Amino acid sequence: MQLTDFDASPNLVALFLARADELADKPFLWAKSANGTGRHWTALTWREVARQACLLADALTTMGLEPGDRVMLVSDNRPEWFIADMAIMAAGLVTVPAYVTNTERDHAHVIDNSGARAVIVADGKLAKALLPAVLRSNIAHVIALEDFKLPQLGDRHAHLWADLLTGDETAARARVDARIAGIGREDLACLIYTSGTGGSPRGVRQHHGMILRNVAGAAEVLAEDFGWDDEVFLSFLPLSHAYEHTGGQFLPMGMGAHIYYAEGLEKLASNIEEVRPTVMVVVPRLFEVLRTRIMKSVEKQGRIANFLMDKALRVAARGQPGEARLVDRPWDFVIEKLLRPKVRARFGGRIKAMVSGGAPLNPEIGTFFSAMGLTLLQGYGQTEAGPVISCNRPAAGLKMDTVGPPLPGVEVKIAEDGEILVRGELVMHGYWRNETETAKAIRDGWLHTGDIGHFDEAGRIMITDRKKDMIVNDKGDNISPQKIEGMLTLQPEIAQAMVIGDKRPYVVGLIVPDAEWALEWARAEDEKFDFDELQDLPAFRSAIREAIDRVNRDLSVIEKVRQFTFADEAFSIANEEMTPSLKIRRHKLKARYGERLDRLYKG
């Protein structure tokens, strides 16, 4: 396998089939299944995955689906997701991934906007929100991965996954080879609907070359900075999100790596220890949770462990592990022997790199994991760019307050107003059926990201904020809400936060207290653990105020959070106050809590 393979491939299916022919009976896609005494990891080989994908592609064309037709895919992460995605493209069709957290209204929007003619759904649970939208649409075919009871579908055709994987596999492969010979890098591969922090999701037209360019750049970083061997990826972020779709599916496919599908977030910790991944694609929120758990675990180990962790953080703040200053090297040696192996063991013990993307990462989080001997790389991008634009890498010098240099083959420049502009094969061809928004996003060949930033002295991109999220106070000062929110949620007392202050004299905050901390506080104060009642207690409010004041000490005068109020519940995907990639939806929170926040300016 060569890095040049990515640039030489005309489309994603051709690259996959080349890998499958090369790796044949080696294991590829892993998932847990019931087997005798319990659930065990079992694998599908490259040859078997290719066989199923070609047979399914044949079945899709037999249904009467024509080149360019859209096929919606609603499933949790599993081997069938990859097979379905590959089969859709191998049939000359276009994949339309949908979030498993979508409501009926969300599904209806995606179906209507994409004009999908078929849908693949995993099970009865996911079908509950999907099928009512299907029954009001022009969907002609419903394919079920599992055998569950379907309602009457009228003149629509129902198919069971297993029934479609039959036929002459040699002939099916030949037909796929002939079909994909006419698919080029400029052709549409999928429509990824952006979860969006505001407004209705838009379908991003991702072409084959867009994803291949992303995979080529990411693979080059891994090969040059970490070595490229028999890599193991653990897939747990939603594959309907561009970050996991490219970084957690097509990147390992192109590298000939193993993909393990996690059993869910609740079993992620145990899956990590079992699978022992070498590369993980992660969002910042998960790092925040893991940091809190690790710190609490170390705290329980006594004074020596706490002392070593404090020392590790101090050493990391002055340089990367293994590159400590001469005066720090004795401590770095002790920490490497006594503390870091225990932390690394929780991640399986062979992690080369964890790549953070999807939202901004607080530099303190990066420093913490560096102190624990884990290489954390912050990436930057958006769905409209494949989605990866840049990534931190050791070869360029890790700096936690940057998102690294642009990937190979990516051109980046800074506009006069500070906006980051991107050009190259990784840029989308536009939004599906939305020429107005396309014209706003792409001007003179440059993608206008909506992010504000600049290059540092080493050519690494530094993001300061989202252009549209920037707070401009009543004096005209620019304030980054994401910076303040990141600092607030580093405090053990605070789980989530949103700050506002646009056209206002000062910044105020909406706070969600950390549930575990609140429980411990209630026990220590001999109070009943009831979130609503606790928030009415002056002592509880004072404890949160102290946490905010700690943050304020490190903020400028215009950034300080002067007043705060409590949210009624945690921000979540279920209440539509977070996107599936765990970014807060400001417009939703402002709509719900706007009056409460406004009152903070009247006291």
Note to self: Can you compute the equivalent ellipsoid semi-axes for the stretch 391-524, i.e. the square root of 5 times each eigenvalue of the Cα gyration tensor, sorted largest first and rounded to whole Å?
What the structure shows: 33, 21, 16
Note to self: So if I take the centroid of the Cα atoms in the stretch 388-404 and the same for the stretch 1-76, what is the distance between those two points in Å?
What the structure shows: 32 Å
Next item on the list: Neighbouring Cβ atoms within 10 Å as the yardstick, rank Cys54, Cys190 fewest first.
Entry: Cys190, Cys54
Next item on the list: Please say if the stretch 440-490 is rounded, prolate or oblate, where rounded means a/c under 1.5 for a ≥ b ≥ c the square roots of the C-alpha gyration tensor eigenvalues, and otherwise the choice is prolate for a/b larger than b/c and oblate otherwise?
Entry: oblate
Notebook entry, point to check: What size of dipole, in debye to the nearest 20, comes out for the chain about its Cα centre when the only charges are +1 on Lys and Arg C-beta atoms and -1 on Asp and Glu C-beta atoms?
Noted result: 880 debye
Notebook entry, point to check: Is the shape of the stretch 134-198 best called rounded, prolate or oblate, per the rule: a/c under 1.5 gives rounded, else a/b larger than b/c gives prolate, else oblate, with a ≥ b ≥ c the square roots of the Cα gyration tensor eigenvalues?
Noted result: oblate
Item checked: Of the GluC sites (Glu not before Pro) in the stretch 173-230, those whose Cβ has at most 16 other Cβ within 10 Å and which sit in DSSP loop -> Glu186
Margin query: With unit charges on the beta carbons (Lys and Arg positive, Asp and Glu negative) and the dipole taken about the Cα centre of the stretch 359-475, which residue among Met470, Ala395, His454 sits farthest to the positive side?
Written below: Ala395
Check: Taking amide hydrogens as modeled 1.01 Å from N in the peptide plane, which residues meet the under 5 Å criterion relative to Gly358, leaving out close sequence neighbours?
Finding: Gly381
Next item on the list: Would you give the gap between the C-alpha center of the stretch 347-384 and the C-alpha center of the stretch 269-316, rounded to a whole Å?
Entry: 12 Å
Margin query: Explain nothing, just the number: relative contact order of the chain, from Cα pairs under 8 Å at least 6 residues apart, as a whole percent.
Written below: 11 percent
Next item on the list: Could you go through the stretch 348-365 in sequence order and give the Karplus-derived ³J(HN,Hα) for each residue, using 6.51 cos²θ - 1.76 cosθ + 1.60 with θ = phi - 60°, rounded to whole Hz, and x for Gly and Pro?
Entry: x, x, 9, 5, 8, 7, 10, 10, 9, x, x, 6, x, 9, 5, x, 5, 5
Next item on the list: Pull up the cross-link candidates among the lysines for Lys503, meaning alpha carbon to alpha carbon under 18 Å and not fewer than 8 places away within one chain.
Entry: Lys467, Lys468, Lys475, Lys560, Lys590, Lys602
Margin query: Which of Thr565, Thr489, Thr194 has the fewest other C-beta atoms within 10 Å, and how do the rest follow up to the most?
Written below: Thr565, Thr194, Thr489
Item checked: For the stretch 259-466, size of Cβ-based charge dipole, Lys and Arg +1, Asp and Glu -1, in debye -> 1260 debye
Next item on the list: Note down the magnitude of the dipole of the stretch 474-599 about its Cα centre, charges +1 on Lys and Arg C-beta and -1 on Asp and Glu C-beta and zero elsewhere, to the nearest 20 debye.
Entry: 780 debye
Next item on the list: State the antiparallel share, in %, of DSSP beta bridges confined to the chain, rounding to the nearest 5.
Entry: 55 percent
Notebook entry, point to check: Say the cut-off is 32 Å between C-alpha atoms; which of Lys296/Lys483; Lys352/Lys413; Lys128/Lys267; Lys26/Lys128; Lys296/Lys352 go over it?
Noted result: Lys26/Lys128
Next item on the list: For each of Leu191, Leu145, Leu313, count neighbouring Cβ atoms within 10 Å of the residue's Cβ, then give the residues from fewest to most.
Entry: Leu313, Leu145, Leu191
Next item on the list: Consider a paramagnetic label point 7 Å from the Cα of Ala317 along Cα→Cβ; state which residues of the stretch 509-550 have an amide N under 20 Å from it.
Entry: 547-550
Item checked: Of Met372, Gly409, Ala385, farthest towards positive along the dipole that unit charges on Lys, Arg, Asp, Glu beta carbons give the stretch 364-423 -> Met372
Next item on the list: May I ask for the distance between the Cα centers of the stretch 107-165 and the stretch 458-530, given as a whole number of Å?
Entry: 41 Å
Check: Percent of alpha carbon pairs in the stretch 198-312 separated by more than 20 Å?
Finding: 55 percent
Next item on the list: Please list, in chain and number order, the residues 5+ apart from Leu407 or on another chain whose amide H is under 5 Å from its amide H, with Hs placed from the backbone.
Entry: Ser390, Cys391
Checklist line | Per-q log10 I(q)/I(0), the stretch 259-466, q = 0.09, 0.16 Å⁻¹ (Debye; single scatterer per alpha-carbon; no solvent) | finding: -0.42, -1.07
Next item on the list: Starting at the first residue of the stretch 89-95, write each ³J(HN,Hα) from the Karplus equation 6.51 cos²θ - 1.76 cosθ + 1.60 with θ = phi - 60°, in whole Hz, x for Gly and Pro.
Entry: 5, 5, 8, x, 9, 10, 7
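The numbers here are math on the coordinates, done by the rules we state, and not lab data. No experiment lies behind these values; they were computed from the predicted model shown. Every residue, glycine as well, gets a Cβ built from its backbone with ideal geometry; the counts of neighbours run over all protein chains shown.
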